[in-house]
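Written below as structure tokens is the structure these notes are about.
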Amino acid sequence: MTLMDVASESVAALVGAAIATIAAIAAHRSKDRAAGRRSAADAICPRLQDLLQLVRKWDRDAAVVRWFEATEGALNAIEAESHRLPEGWGHLRRSIRAAIGEATGTFAFADRGAHDLTAELPERCPTWADNAEEYLTYALKSVRTWRDLAPSSRRSPELVDFDTWLHRRAQTPGVLSLIA
């Protein structure tokens with residue numbers, strides 16, 4: 001074995017070790033991102049689910065304090081985890097606020113200021129209650145899909161803001177136009 005053979009084998013071994021180290025670091029970072037994604041989604045999903053259940057049971061669950069708590073919980077959970085949400089999802093808190101605001105009014109601001117426990121649940125507007133239910137369902141599905149992505153996945157599911165979602169919904173054939 002010549003000195004040249006020893007040198008080329010050493011270089012090959014060093015390159016192989018460097019590649020293995022880089023791959024291990026990338027895999028570790030990917031697992032960390034996936035763990036952060038799961039943690040964020042696990043904090044947000046139950047809060048969105050609580051809010052969704054209230055919208056669905058509007059006529060059977062009119063406890064104002066539950067509406068304030070559910071809305072505040074969802075908005076605060078989204079804010080607390082906003083640094084982990086995918087790029088382009090910065091609107092999520094605002095979109096949930098808009099969906100609930102259009103449906104209920106005052107509860108959209110549950111996280112801002114004192115709760116007025118003497119307030120009454122507004123009369124249910126079927127169109128806006130349906131819009132809130134459908135947007136919450138859509139947002140919840142997107143967050144759950146994002147949570148369950150493979151650790152190596154770099155592509156997040158689409159989650160458009162509430163106004164864009166409303167516009168698309170109004171443009172869908174067979175759906176009653178909201179712009180009347």
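The values are calculated or read from the model by the stated rules, or taken from the named source; none is laboratory data. Values in this document were obtained by computation on a predicted structure and should not be read as measured data. Backbone-built Cβ (ideal geometry, glycine too); neighbour counts: all protein chains shown. The area values use the complete protein model at the heavy-atom level, side chains included, leaving out ligands, DNA and RNA. Shrake-Rupley method; radii C 1.70, N 1.55, O 1.52, S 1.80 Å.
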Å² of accessible area per residue within the stretch 40-180, as computed with a 1.4 Å probe and no ligands counted: 54 Å²
Dipole magnitude of the stretch 37-97 about its Cα centre (Cβ charges: Lys, Arg +1; Asp, Glu -1), debye to nearest 20: 140 debye
